[in-house]
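These notes concern the structure reproduced below.
A short reminder: the numbers here are calculations on the coordinates, not readings from a lab. All figures in this text were calculated on a predicted structure; none of them were measured in a lab. Quick reminder, even Gly has a Cβ in these numbers, built from the backbone with ideal geometry, and neighbours come from all protein chains shown.
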Number of protein chains: 2
Amino acid sequence: MEGMPLSMGGLRTLPWFVAGSQVLGVACVVITGVWMGHYRGGYAWNGSAQEFNVHPLCMVLGLVFLYGDAVLVYRVFRNETKRSVKILHALLHMMALIISIVGLVAVFDFHSAAKISHMYSLHSWCGMLTFVLFFLQWLLGLGFFLFPWASAHLRSWYLPLHVFFGLLLLAMSVGSCLLGITEKLLFSIMHLKREHEQRSRCGFPACVRSRTVPCFSTTGKVAPGPDLAETYSKFPGEGVLANILGLLLVCFGVVVGYVVTREDFRRPPNPEEEALSVHFKTLSEGEIPSSP
Amino acid sequence: MEGMPLSMGGLRTLPWFVAGSQVLGVACVVITGVWMGHYRGGYAWNGSAQEFNVHPLCMVLGLVFLYGDAVLVYRVFRNETKRSVKILHALLHMMALIISIVGLVAVFDFHSAAKISHMYSLHSWCGMLTFVLFFLQWLLGLGFFLFPWASAHLRSWYLPLHVFFGLLLLAMSVGSCLLGITEKLLFSIMHLKREHEQRSRCGFPACVRSRTVPCFSTTGKVAPGPDLAETYSKFPGEGVLANILGLLLVCFGVVVGYVVTREDFRRPPNPEEEALSVHFKTLSEGEIPSSP
């Protein structure tokens, strides 16, 4: 590296960071799928605990993985026209939005069927705030940058805010997932404790040693799956897997955040395109655009 | 704003953002203090649940509020010499570090006395990762920027990483606090459920209607305080207060993050100081330093 401009040396590492982010993102989706599919009784769409299981999978796939990839397109497609990359950015975010809506419907359906209050936990408050801001950001992004509705002055004012909130929402998505993981693990422990007490009262054989006790949902429906009977503090397989999922989500967010904020990974400026396109330098003197 | 450079108009808003961050930060510390002091039985240093209560207060005060303020000094003290601001930055971070260590000792002490495993939850994994990275970042910051040990090339290489990890660690601190809030609320519900069952078995009067049942810690010690008996999903006062604390912590992180990343809030460059000081432009051509 000595004697070589940092930006040239740095740019060669971009594909490795992008590849790393994709490995991390796919690992997050797969581990969420395995957690809900294997440990929590699989998937359904009937108001049961299995319908709840659709929620984590959709949120990790939509609001983390696809959202992160939508942010990365400006660094991955460096030589394509700005307009094409913008359309891809908007489309990926639209997919993320649709999948998140499916995930939200799943959890509201489950709560309604099980007569559990909606929106009482910190996870739900943070998650809903993230979703609403994401939806607003997507609408504003369309209006300001993809359609010719906003003036140059307005666009240049909104661009750094769009970038700031884009990264903030990625962090909030990851944070909301981590809250959801903690909530799900602790609720599972509570349900299992209650179930063990019910079983011991009605003379059922002790199930502490069993690895395959059914998991009660609050609807009274039974979903098969191994247990957290030893409780979270005894490092059960499910708890460790879910913790690892949490760390991988953080790593995905960190790698995406690093790639999009690193100076020498920015798209090379194209003066011809800049003059024609919907992308404007900010008006203040001497300021560089904090653009995607 | 029309016709005025954005940067001039923008700079006038800086004191409002800084004041807002301080109101939010103090509110977070006060609410944590009230939560632990009023609802969770107050403070002690004897291995009991009251020693645990020192943990949230120290982490919010140290790893969020003081950490955030240490980051803000580069924007607040715009006209002081770079070296003075650096020393203040390092000192505030040192205070944050010491207070965090007290908070960590409190929770390890409590776990040891109550014979609970250490480091099993996602909160503990994320929190410890944040603390270790923060400690490393502080040591590297001292070595690279405050003492004349590193070469100009090394400093210019590390500077953007220091800035990136500084903001990342603020986000991770806030995220770890949110995980801790969720964990604490759900554990409190579990303990209260167990206590209610024990009471009903031994003929104690039903305490569901009581607002002042004592809170059992796993050590068997009793701490006075209102309950979460209606459980989290019935919007008890404690649950709502803790959720609001979570949102305020997010807001504090967002305001600090916004102030330090906004282009027109940067310190004005001082060529004389730049030439003399430990702050260097990056070596790559045309690149602006992503400096604090």
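Brief remarks on what is shown
- Using the Cβ-Cβ distance between B:Leu91 and B:Met119 with R0 set to 35 Å, the FRET efficiency from 1/(1 + (r/R0)^6) comes to roughly 0.70.
- With each label modelled as a point 7 angstrom along the Cα→C-beta vector, the B:Leu140-A:Val76 pair spans 2.7 nm.
- Taking label points 7 Å from Cα along the Cα-to-Cβ direction, B:Leu11 and A:Asn46 give a separation of 6.7 nm.
- Sites listed here are trypsin sites (Lys or Arg not before Pro) in region A:93-195 whose DSSP assignment is loop and whose Cβ has at most 15 other Cβ atoms within 10 Å: A:Lys115.
- Modelled this way, with points 7 Å down the Cα-to-C-beta line, the labels at A:Met190 and B:Ala150 are 4.6 nm from one another.
- Among the listed pairs A:Lys86/A:Lys184; A:Lys234/B:Lys234; A:Lys115/B:Lys184; B:Lys115/B:Lys184; A:Lys82/B:Lys86, a Cα-Cα separation exceeding 28 Å is found for A:Lys86/A:Lys184; A:Lys234/B:Lys234; A:Lys82/B:Lys86.
- For A:Val34, the shell of other residues with beta-carbons less than 15 Å away shows a net charge of +1, using +1 for Lys and Arg and -1 for Asp and Glu.
- A Förster radius of 22 Å combined with the Cβ-Cβ distance from B:Val30 to B:Val105 puts the calculated FRET efficiency at roughly 0.45.
- The Cα center of region A:77-156 and the Cα center of region B:75-99 differ in position by 38 Å.
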